Amino acid sequence: MLLTVDNLNVEFLTEHGWVRVVDDVNFDIAPGETLGLVGESGSGKTVSAMSIMQLIPNPPGRISQGGIFLDGENLLSLPDEQLRQRRGRDIGMVFQESMTSLNPAFTIGEQIAETVRTHLGLSRRAAMARAVEALDLVRIPDPHQRARAYPHEFSGGMRQRAAIAMALACEPKLLIADEPTTALDVTVQAQILELLRQLQNRFDMGVLFVTHNLGVVADICDRVAVMYAGQIVETAPVEELFRHPQHPYTEGLLRAMPQLGQAGQRLQVIRGAPPVPWDMPPGCRFAPRCPYAKPICEQHPPNLEGDHLHGSRCPLHAKLSLRGTTHA
């Protein structure tokens, strides 16, 4: 297995004391596989992804428990210098906002070349040549010329391609893509997804794809882990999850998707709001919003049950017949 996240717990220091925002998160990714991490805003997706890179600011955050294994090596036990070498060299990351992840004071080529020089030890000339190759790889036209451009001279789609080029310049084993298609129009989004798919096949990368868009998940992912209130509440192969969801929250997300043939109909909504991290319900965290909730749901926190292929954190999952979709 390329990446294994084992019992990950992340806490932040707040006015309420240490508050756990990621709770008992477990997943793995094989070479060449794409895992989608989905859920509402605030569910813990980005914090989980940033924890793999150990980019959670400390203070106020900390990884209080768990292990993050890349090729069997626990990244949490590495000294800072070794971790910096693995980060960028073996793990690349495309951040959520491409404009804010690029430095406006340096050209696109300089920023990619700096990454290559840091991790591969190339000369300045060789690193710039590698930067041009990376821009060409992500199909930016006239890469020699565009390497001398600044971020503000790129469109949103081109900035996103440049961010992907920077993440892939060292040919990492694992790519973490955090909402890489946010704020892009549908045509550019489709181009970015197709580009990621082709680059993954070329380098046999594992990909952790963080998103709230289940339509994107259906298009690019092999497996899905659904997060709610800091926990993974369901995990399954993408087609199985879409056709046969086992958690009411997953069903709610699927029903909120626009469907073909439903023009003019109102979209379904999940009523209520997620709980705040310092005041979680005593039982199932989704119970206050769940249309199927029973008294047992409010008594004890449920575990993620099932086999390696399909697991659910719902105490009623064996008794429910939830509605899926054929979107996948």
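The values are calculated or read from the model by the stated rules, or taken from the named source; none is laboratory data. Everything quoted here is computed from the prediction, not taken from an experiment. Using ideal geometry, Cβ is built from the backbone for each residue, glycine included, and neighbour counts are taken over all protein chains shown. Each accessible area value is taken on the protein alone, full model and side chains, heavy atoms only, with ligands, DNA and RNA left out. Shrake-Rupley method; radii C 1.70, N 1.55, O 1.52, S 1.80 Å.
Can you put Lys173, Lys45 in order of accessible area, largest first, using a 1.4 Å probe?
On the way: Lys173 85, Lys45 15 Å².
Listed by decreasing accessible area, they come as Lys173, Lys45.
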- Heavy-atom accessible area of segment 232-307 with neighbours in place, 1.4 angstrom probe: carbon+sulfur share in percent works out to 52
- Query: So between Asn213 and Tyr292, what do we pick up on full extension, going 0.36 nm a residue minus the alpha carbon distance?
  - Reply: 26.0 nm
- Message: Between His300 and Asn7, what is the label-point separation in nm under the 7 Å Cα-to-beta-carbon projection?
- Response: 1.9
- Message: Through the Karplus equation 6.51 cos²θ - 1.76 cosθ + 1.60, θ set to phi - 60°, convert the phi angles of segment 187-203 into ³J(HN,Hα) values in whole Hz; use x for Gly and Pro.
- Response: 5, 5, 4, 4, 5, 5, 5, 5, 5, 4, 5, 5, 5, 4, 5, 5, 9
- Message: Can you return the lysines within cross-link range of Lys319? Criterion is Cα-Cα under 22 Å, with same-chain partners fewer than 8 residues away left out.
- Response: Lys294
- Message: Projecting each Cα onto the charge dipole of segment 170-324 (Lys/Arg +1, Asp/Glu -1 at the beta carbon, about the Cα centre), which of His310, Leu208, Pro274 comes out farthest on the positive side?
- Response: Pro274
- Taking only protein heavy atoms and a 1.4 Å probe, what accessible area per residue, in Å², does the chain have with all protein chains in place? 48
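How high is the FRET efficiency between Asp136 and Thr187 when r is their beta carbon distance and R₀ equals 22 Å, given to the nearest 0.05?
0.55
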- Note on the structure: Convex hull around the C-alpha positions of segment 178-328: the volume in Å³ per residue is 136
- Message: Give me Rg/Rg_expected for segment 62-193, where Rg uses Cα atoms only and Rg_expected = 2.2 N^0.38 Å with N residues.
- Response: 1.10
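Please give the contour-minus-distance gain from Arg124 to Asp307: 0.36 nm per residue of separation, less the Cα-Cα distance, rounded to one decimal in nm.
Full extension from Arg124 to Asp307 adds 60.8 nm.
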- Charges only on Cβ, +1 for Lys and Arg, -1 for Asp and Glu: so what's the dipole of the chain about the Cα centre, in debye to the nearest 20? 500
- Lys173: which lysines have alpha carbons under 28 Å from its alpha carbon, excluding same-chain residues fewer than 8 sequence positions away? Lys45
- Message: Taking 0.36 nm per residue of sequence separation and subtracting the Cα-Cα distance, how much length would be gained by fully extending the chain between Leu267 and Leu83, in nm to one decimal?
- Response: 61.7 nm
- Message: Could you check the spin-label model distance between Met257 and His152? Points 7 Å from the Cα along Cα→Cβ, value in nm.
- Response: 4.0
- Item | Highest to lowest packing among 59-71, 16-28, scored as the average C-beta count within 10 Å | 16-28, 59-71
- Which net charge results for the neighbourhood of Met227, defined as the other residues with beta-carbon distances under 14 angstrom from its beta-carbon, given Lys and Arg at +1 and Asp and Glu at -1? -1
- Item | Expected 222 nm ellipticity per residue - DSSP helices of 4 or more, -39500 (n - 2.57), all of the chain, to 500 | -9500 deg cm²/dmol
- Task: Output ³J(HN,Hα) for segment 277-288: one whole-Hz value per residue in order, computed from phi by the Karplus curve 6.51 cos²θ - 1.76 cosθ + 1.60 with θ = phi - 60°, and x for Gly and Pro.
- Result: x, 8, 9, 6, x, x, x, 5, 6, 8, 3, x
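How much of the accessible area of segment 1-145, probe 1.4 Å, is carbon plus sulfur, in whole percent?
50
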- Message: Using only the alpha carbons of segment 268-319, what is the convex hull's orientation-averaged projected area in square nanometres?
- Response: 4.6
- Selection from Thr181, Thr118, Ser77, by position along the positive dipole direction of the chain (Cβ): Thr181
